[in-house]
Amino acid sequence: MQTIIAQTYDSALFTQAYPNSTITLTLHILSQDGSLLAACLNASTLALIDSGIPMADYIAACTAGSTASYSANDEAADPLLDLNGLEEQELPFLTVATLGGGDDVSVLNLETRVQIERVESMLAVGIDGCKQVKQILDQIVRAHGKEVLRKAL
């Protein structure tokens, strides 16, 4: 996970603004009930924005899965969004992260076996979920910014 997070933000951050500096992210997992990588990516995005490090856009992440396992070979399997821990243990899933509110995929992590036909629908649902997460992150950042400005005045 450390490598995925580092490579993701390496391309999204404007590190040339800090030529002789090191940016360190420390993530503490207090509880885990699924979507661990996505939660770490979203928390990192908020931490980097809060610290004032310039970014190209938000990195928003979520998980997507399929209702049938690899061995079921069910062609009518439905894609799922934001799986919990039990669902991740039983069903194939992937973690996707996008840059901004578009379709530019920054992270695609699939560690379970799944028929290739299902990957496209899982990815489409995941990208749509990332767009929703990006809107939520933007609302949080704007509300926090307004609060900081209100206290400063």
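Some points to look at:
- Furthest towards positive pole of dipole, G145, A47, L91, structure part the range 2-152, Cβ charges: G145
- Extension gain from Q2 to L81, taking 0.36 nm per residue of separation minus the Cα-Cα distance: 26.1 nm
- Inter-part distance where the range 89-153 and the range 33-64 are each reduced to a Cα centre, Å: 8
- Applying both filters, DSSP loop and at most 14 other Cβ atoms within 10 Å, to the GluC sites (Glu not before Pro) of the range 63-153 gives E75, E111.
- Loop trypsin sites (Lys or Arg not before Pro), the range 91-153, which have at most 13 other Cβ atoms in a 10 Å radius of their Cβ (DSSP): R113
- Longest segment of the chain lacking chymotrypsin sites (Phe, Trp or Tyr not before Pro) that sit in a DSSP loop with at most 15 other Cβ atoms within 10 Å: 71-153
Read-outs: derived from the displayed coordinates by stated rules, not from any lab. What you see is a predicted model, and the numbers here were worked out from it, not measured in a lab. For neighbour counting, all protein chains shown are included, and Cβ atoms are generated from backbone atoms with ideal geometry for every residue, glycine included.
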